[in-house]
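What follows is a single structure, written as structure tokens, with notes after it.
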Amino acid sequence: MAKVIDLDDVAVQEAEARSRYRWRVKVCSSTACDASGAGPARRAVEHSVEEQGLEHDVQVVPTGCMGLCSAGPLVRAEPRGGQATMFQQVDPQVGADIVERHVVGREDLSQHQLDENLPFFTRQERVVLSNAGRIDPERIEDYVAEDGYRALVTALRMRPRGLIETIEASGLRGRGGAGYPTAKKWAMLHDAESDQKYVVANGDEGDPGAFMDRAVMEDDPHRVLEGVALAAYATGASKAFLYVRAEYPRAIKRLEQAIRTAKRQRLLGKNILESDFSLDVEIRTGAGAFVCGEETALLASIEGQRGQPRMRPPYPTERGLYGKPTMINNVETLANLPDIIRRGPEWFRGMGTRVSPGTKVFALAGSLQHSGLIEVPMGLTLGEIIEEIGGGCPNGRTFKAAQTGGPSGGCVPASFRDLPVDFESLRQAGSIMGSGGLIAMDDSVSMPEVARFYMDFSQDESCGKCAPCRVGTLEMHRLLERICAGAGTERDLALLEQLTRTVRETSLCGLGQSAPNPVASTLEHFRDEYTALLRNEPVGVAHG
Amino acid sequence: MAATATDSRAQQDAHPSGDERFALLDKALKRARFEQDQLVELLHTAQEVFGYLSNDVLIYLARQLRLPPSRVLGVASFYHLFTFEAPGDHICTVCLGTACYVKGAEEVVEGTAQALGVPAGQTSDDGRLTLWTARCVGSCGLAPVVVFDGTVLGKQTTDELVTHIREVFAAEDAAAEEEEAG
Ligand SMILES: Cc1cc2nc3c(=O)[nH]c(=O)nc-3n(C[C@H](O)[C@H](O)[C@H](O)COP(=O)(O)O)c2cc1C
Ligand code: FES
């Protein structure tokens, strides 16, 4: 049997190896920066290091997402014991300059230097993303050097009950959308009696405009695995599935590789770290169906069936995969666990608000100066996120509304600047937290058109099992099309409002129940735009 | 190694056409231990290997997994990522997720469709290009995003995209001509 990893040993060796280099040059190699040309940039940096004969002085590290995707490719040069410098829009020439002029010549490359005192960076608090953009996701040593798998060691010395109590004390709530208390779900699976229990990590990330979970899985895969192991140990599960959407091939590859490595080091598999706890982990791939993010549909999909949801109760913790008790946790929820165990529930409660402790990762996109991936304490205001972190709208546009929660969420108008972004406040404003997609819209956007866009999505993604969702979303989309085309009548609008209620109240699963949200919230906050369209007046300024 | 029941199943039912690609599918079937609940994974493999899911492939999978063909087609047609028609030589997927949509991705689809004469969701008559749309490919910070033959292209305009595709075609034509000449 494979030898158990000695975490202290690995961490010490890794620290020594790092300290041998005078510089570490980190190149973001995530999907977004790759698309902006990070590959050639990295090769230029490596080539230049070689040419200067600096292989023993400068280490080039490929990392995951550094966050500010809109300014990529990003590079961060870190001198040993000194102040790091970040660079933006690094093409091969700038890559070479970073080595030859910045590292060797100690020159400023002012044009390409990225100020890390931007609110985009300083207003963030990184827990789930603490390693993203800082470590090489393909090396377990990098994760261990950042205290990786320590929480698992600690947990294995605790009773599962004690672990659940710790999570309860932390107040952690599910990051998959609904904000359900994680410890409560754990306790249900823990108390379920069965010869076989399952834990499932939900990495389906269906919101079309969001990529938080992708970043966690690609940039710090071992964090996800450690989270899964902690959840399984606490609940008595011996088998775990990672359900990842097929659109994320790199996440799948990274997780597969991480599972193999972790098994070899006895961090997964049989008798983890020589304890009695064993956990088998398997990846299952989605196939492009939004509804599969819903937990009962997801389970059907893992079983090789059409991903159609079913009525709850029974809840999956009573009857889930193959009829056995099963618990589904979102990837970001799981990624919070190692830090909570290691640093304690009080530390976690020190961030965020009383009822929504901790941080939340957002995929910030749309009409913004700075877009990309951010992690902020819960309860930051909408204005702080859009205007300070995102830098407001570019090209002199005016911020009009923020969309959160994707097709299940709504649009919060600019007048809600001071709204704290947490589970309850967003719901009161007619939207939901959702999984973390946050899209800024400016005055060029027509809100009924946004509602139409989401309804088109929902009618397309409706699985067809129940009539209110299947027929209702189709009808709502038809009405919205007519209204947006300027051919709608008062009656159409009244019917739309009526359907909003019917579909919400009578659909089988969360997809149908929440599909009317974008319509309801735009009707609530931007009714004048609907009535303008009824009078055949234009809405939203054309794209500039 | 002694032949197991599943080994012999693979041998005796191997695809009669002798198409090499079925051997790849067989390997995946074996790795999945012919378990019926691995159907979605196997459909992925089949599509990767063949480019799309033909009736022949679906029936083959049904037989190997001892599932009714209706179940296999039912599952495959439920998921958006599975396709039942052969795509073109090049696949251009324009993201129509929210972030891309609010940055004008719809115009990119329409413009590209018009410029290259391929309606969205279809393949050009010469079989050279398939124009697909997707819902978020996870690079929203670079909206509008296009995936061309597996490569992510950020901040695309219609002009940029059309030029890129024409360049790829031109390079291909030149290479083909050279081959003919040489
Ligand atoms: C239509 C629909 C789509 C969903 N999509 C996702 C998703 O992509 N990712 C996710 O984690 N949860 C999604 N959920 C929520 C899950 O059903 C489930 O509540 C969640 O994964 C539980 O994890 P948590 O307690 O850690 O939040 C979706 C729910 C619905 C109704
Ligand atoms: S919306 Fe296009 S990449 Fe996310």
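Miscellaneous remarks
- Among B:PRO68, B:PRO16, B:PRO87, the residue with the largest mean-square fluctuation in a Gaussian network model of chain B, with springs joining Cα atoms closer than 10 Å, is B:PRO16.
- Only Cα pairs under 8 Å and 6+ residues apart enter the sum, and on that basis the relative contact order of chain A stands at 13 percent.
- Theoretical ellipticity at 222 nm over chain B - DSSP helices of four or more residues, -39500 (n - 2.57) apiece, nearest 500: -16000 deg cm²/dmol
- Applying a DSSP loop filter and a limit of 16 other Cβ atoms within 10 Å to the trypsin sites (Lys or Arg not before Pro) in segment A:287-338 leaves A:ARG310.
- Lysines whose Cα lies under 16 Å from that of B:LYS27, excluding same-chain neighbours fewer than 8 positions away: none
- Relative to the longest principal axis of the Cα atoms of chain B, helix B:39-50 runs at roughly 60 degrees.
- Checking the cross-link pairs A:LYS400/B:LYS155; A:LYS263/B:LYS30; A:LYS3/A:LYS263 against a 18 Å limit on the alpha carbon distance flags A:LYS400/B:LYS155; A:LYS263/B:LYS30 as lying beyond it.
- Estimated inter-spin distance, A:MET311 and B:LEU24, nm [label 7 Å along Cα→Cβ]: 4.5 nm
- Sum of side-chain charges, A:GLN111 neighbourhood, beta-carbon under 15 Å (Lys, Arg +1; Asp, Glu -1): -4
- A:ASP443/A:GLU318 FRET efficiency (R0 56 Å; Cβ-Cβ; nearest 0.05): 0.70
- DSSP beta bridges confined to the protein assembly as shown are antiparallel in about 50 percent of cases.
- Proximal aspartates and glutamates relative to A:LYS270, as straight alpha-carbon distance under 12 Å, when same-chain residues fewer than 8 apart are discounted: A:ASP280
- Within chain B, all pairs of alpha-carbon atoms sorted by distance into 10 Å bins from zero give the percentages 9, 29, 26, 22, 12, 2, 0.
- Within chain A, helices built from complete DSSP H runs that reach 20 Å or longer along their own axis (Cα positions) and carry a mean Kyte-Doolittle hydropathy of 0.5 or higher are A:221-235.
- Counting only lysines at least 8 places from A:LYS324 when in the same chain, those with an alpha carbon closer than 17 Å to its own are A:LYS185, A:LYS197, A:LYS239.
- Segment A:92-166: trypsin sites (Lys or Arg not before Pro) falling in loop per DSSP and having at most 13 other Cβ within 10 Å: A:ARG106, A:ARG157
- Spacing of the modelled spin labels on B:ASP37 and A:ASP276, each 7 Å from Cα toward Cβ, amounts to 2.6 nm.
- Distance in nm between pseudo-label sites at B:ALA120 and B:LYS155 (7 Å out along the Cβ direction from Cα): 2.4 nm
Only the coordinates and a few stated rules stand behind these numbers; no lab work does. None of the values given here were measured: they were computed from a predicted structure. When we count neighbours, we look across all protein chains shown, and the Cβ atoms used for this are built from the backbone with ideal geometry, even at glycine.
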